[in-house]
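The values are calculated or read from the model by the stated rules, or taken from the named source; none is laboratory data. On a predicted model such as this, the values are computed, not experimentally measured, just so you know. Virtual Cβ from ideal backbone geometry, glycine too; neighbours counted across all protein chains shown.
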Amino acid sequence: MKPYPKKTLGIYSLTCCEGCQFEILKDYDDFSQLLKYYDVRNFRLGQEENLPGPFDVSLVEGTPESKEEYTLLREIRKTSAIVIVIGSCAHLGGIQSERNSLPKKMTLAKDVVSIPEVINTDFIVPGCPISHKELFAFLMDIYWNKVPTLHDLAVCFECRQNENQCLLKEGKPCLGPITRGGCDSICVNGGEACYGCRGATDQADFAKMKEILKPIISDEDSTNMMTIYGDYECEWKRRTDEGK
Amino acid sequence: MKYDINKHQLGKLVGTITGKYQTFAPQEIGGKVVLAEVKTLSNLRLFSRPTVLPFKKILFPDRVEFGKADGTKSIALVGLHVCDVHALHIFLRQFVDSKLVLRRDNILIVASECEPDINCFCEVFGANRLDGFDIYLQKEEGDKYSAYTNSQTGEDILDEIDIISAEEQSNPRPIKHDDDDFEYSLEDTISRRADFEDFWQRIANNCFGCGACTAVCPLCFCFRQEYKNNIDGSSKICLKWDSCFAKGFSEIQNRNDLRPENVDRIYNWYHHKFVRGKRELGRFLCVGCGRCIVACPANLNIKNILSALDEKIERRINGGNKNS
């Protein structure tokens, strides 16, 4: 059943580890299914011939660093109907945004900025790396002209659904209560804490999180933990501003 | 009826049930005790601490396609604690007019004795009453167990195994001794939100709104329909567990939220459990299993909150602590 023509898709990568692009190719069966609905015109990692826009949908990962990348990013916005940012780098700034907190003398480069601070974006697929299942569900919803939605509860809800004991109660640091779910609590299932790669929930309370972490780790460590994937608080504030 | 059985016969009993029904029991799988379908008898944990997720995981599974659940199959739930049995009855009463959940006739309930821990307070809501099961298993000294039957179905099953002795008149050990006075002012106190605005605000300030409590509560049954477009071109409508702490739960069109603040959401949770639930089903939607206390990352404690709202509950909870 295919009442609509194929949509055109461009997949772009700015400065990052390109792990999210690998995630797209991770399950080739799913990817080949996706090709029935999308015409992938630009995908540097996956194909040799890459065409310029305009595209119906563009996926962008990474953060813009050089002048060329800023130009490319603005070009993508101009030529794409829908821009989806994928991965923590594009969404929050990523690991490299640790640079922002260093003294300016130590680094010559400019501050790392996430993509929503540079251009207007339409949708976010968070995660480090993203889950290809979630991304393809997003793309399928867009193909059928339905607005895709993100999970609106914290990681804790899914963590309990997977019958894990609370790490915070065991005296281990975890950012599950303020982190957006949808990952099926994959890290906690494997015995690792949640480091908040998917960004903050809508009602995230950072002061409260620090208070809960106080008996477990120092204040400095909890701040570091909460800013591993970029400035949480900034993203949260931006989202609440948008809401108003 | 009371039957004395030994360890071997207990295994045989579970084996008989497994042969007749699709059986679910607490088992140790991958280091955690979870309620799962019985495949082997070796990792059964019949007298365990409460599992993280209650029976609703079996009766009301997450992300199951609508219309695909088999409403006629017979299942057996083995090793439920008595509070869970009470919760199960309230749960079935809630879904009595729908085809989403199995009927009571299709469920064999085998309860087992529990060890009350610091978090549970079943005596407050009368959920320690030994009632509502088909078979009740009780641990005795050594390798001995007793099985009590409460229905014809239960007796038929026990008749199939070789029993050493059986007694007509015998009652299981009570779980927690307490009086039968369950007249509380909770309903009235929680209804008057304006008088307790500071109280609710203080709780909301300590709550992340993560929804962990709603995931583990045996009597939280809100769900949403999830429309999924699959990559292979098919689409389906799923039943997905929802939580009243989710934004999508109370949001209507044009970004209008009926319960925008966390204080509204946590108040709504208590209001549903102790006011609306009582009006609709005649019972509080809480059996005092204590799962939400274990699950809460913010260390909120429903026992303290209920104690603050009702003096009688405070006396019972604190009085019970002093004795144990």
**Prompt:** Somewhere in the stretch B:301-310, is a residue hydrophobic (A, V, I, L, M, F, W, C), at pLDDT below 90 and not assigned by TED's automatic domain parsing to the domain that holds B:Val33?
**Reply:** no
**Request:** Quick one: count up the residues across the stretch A:53-104 that are of a type outside the set (Val, Ile, Thr), part of a strand (DSSP E or B), out of contact with any helix residue (DSSP H, G or I) (no Cβ under 6 Å at 6 or more places or on another chain) and within 30 Å of A:Trp144 (Cβ to Cβ).
**Result:** 5
**Complete:** Selection from the stretch A:123-147 of residues touching a helix residue (DSSP H, G or I) at 6+ places or on another chain (Cβ under 9 Å) and among the acidic types (Asp, Glu) yields none
**Request:** Give A:Val113, A:Val60, A:Val125 a once-over and let me know the one that is over 30 Å from A:Asp30 (Cα atoms), in contact (Cβ under 8 Å) with a residue 24 or more places away in the chain and not acidic (Asp, Glu).
**Result:** A:Val113
**Request:** Scan the stretch A:105-122 for residues that are assigned to a helix (DSSP H, G or I) and either more than 14 Å from A:Val83 (Cα to Cα) or of a type in the set (Asp, Glu) (or both) and jot them down.
**Result:** A:Lys105, A:Met106, A:Glu117
**Asked** Can you tell me which residues in the stretch A:4-30 are within 11 Å of chain B (Cβ to nearest Cβ) and free of Cβ contacts under 8 Å to residues at least 40 places away in the same chain?
**Response** A:Asp29
**Message:** If B:Val124 meets every condition in (1) out of contact with any strand residue (DSSP E or B) (no Cβ under 8 Å at 6 or more places or on another chain); (2) without any contact (Cβ under 8 Å) to a residue 40 or more places away in the chain apart from one, which number is that one?
**Reply:** (2)
**Request:** Can you give me the number of residues within the stretch A:196-231 that are among the aliphatic types (A, V, I, L, M), part of a loop (DSSP other than H, G, I, E, B) and crowded, with 21+ Cβ neighbours inside 10 Å?
**Result:** 1
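In this structure, is B:Val96 more than 20 Å from B:Pro172 (Cα to Cα) and not in a helix (DSSP H, G or I)?
Yes, satisfied.
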**Fill in**
Result of the Cβ filter at 8 Å on the stretch B:97-113, keeping first residues that are in the same structural domain as B:Pro54 (by TED's automatic domain parsing) and among the polar types (S, T, N, Q) and partners that are surrounded by 15 or more Cβ atoms within 10 Å (Cβ to Cβ) and not in a loop (DSSP other than H, G, I, E, B), at least 6 apart or interchain, is B:Asn106/B:Ile75; B:Ser112/B:Val78; B:Ser112/B:Gly79; B:Ser112/B:Leu80; B:Ser112/B:Tyr136; B:Ser112/B:Leu137; B:Ser112/B:Gln138
**Residue match in the stretch B:115-126 (condition: among the polar types (S, T, N, Q), under 30 Å from A:Thr179 (Cβ atoms) and part of a loop (DSSP other than H, G, I, E, B))** = yes
**Request:** For the stretch B:146-235, please list each of the helices (runs of 4 or more DSSP H) lying entirely inside it that holds at least 2 residues being more than 22 Å from B:Lys273 (Cα to Cα) and out of contact with any Pro (no Cβ under 6 Å at 6 or more places or on another chain).
**Result:** B:152-159
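Any residue at all in the stretch A:170-188 that is of a type in the set (Lys, Arg), away from every other protein chain (no Cβ under 13 Å), crowded, with 18+ Cβ neighbours inside 10 Å and closer than 16 Å to A:Ser88 by Cβ?
No.
Are any residues in the stretch B:27-78 away from chain A (no Cβ under 14 Å) and either in a strand (DSSP E or B) or among the aliphatic types (A, V, I, L, M) (or both), and if so, which ones?
Scanning the stretch B:27-78 gives B:Glu37, B:Val38, B:Leu41, B:Leu44, B:Leu46, B:Leu59, B:Glu65, B:Ala69, B:Ile75, B:Ala76, B:Leu77, B:Val78.
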**Prompt:** Name the residues in the stretch A:138-151 that are at pLDDT below 90 and either part of a helix (DSSP H, G or I) or of a type in the set (Lys, Arg) (or both), would you?
**Reply:** A:Lys146
**Item:** Wholly within the stretch B:256-324, helices (runs of 4 or more DSSP H) carrying at least 3 residues that are within 14 Å of chain A (Cβ to nearest Cβ) and within 26 Å of B:Gln94 (Cβ to Cβ)
**Value:** B:262-271, B:291-295
**Positions within the stretch A:139-167 being more than 7 Å from chain B (Cβ to nearest Cβ) and within 16 Å of A:Asp39 (Cα to Cα), in sequence order** = A:Leu139, A:Ile142, A:Tyr143
**Request:** Give the residue that is surrounded by the fewest Cβ atoms within 10 Å (Cβ to Cβ), with candidates limited to residues of the stretch A:27-65 that are modelled with pLDDT of 90 or more and among the small types (Gly, Ala, Ser).
**Result:** A:Ser32
**Request:** Would you check if there is a residue in the stretch B:20-32 being of a type in the set (Ser, Thr, Tyr), touching a helix residue (DSSP H, G or I) at 6+ places or on another chain (Cβ under 6 Å) and buried (at least 19 other Cβ atoms within 10 Å of the Cβ)?
**Result:** yes
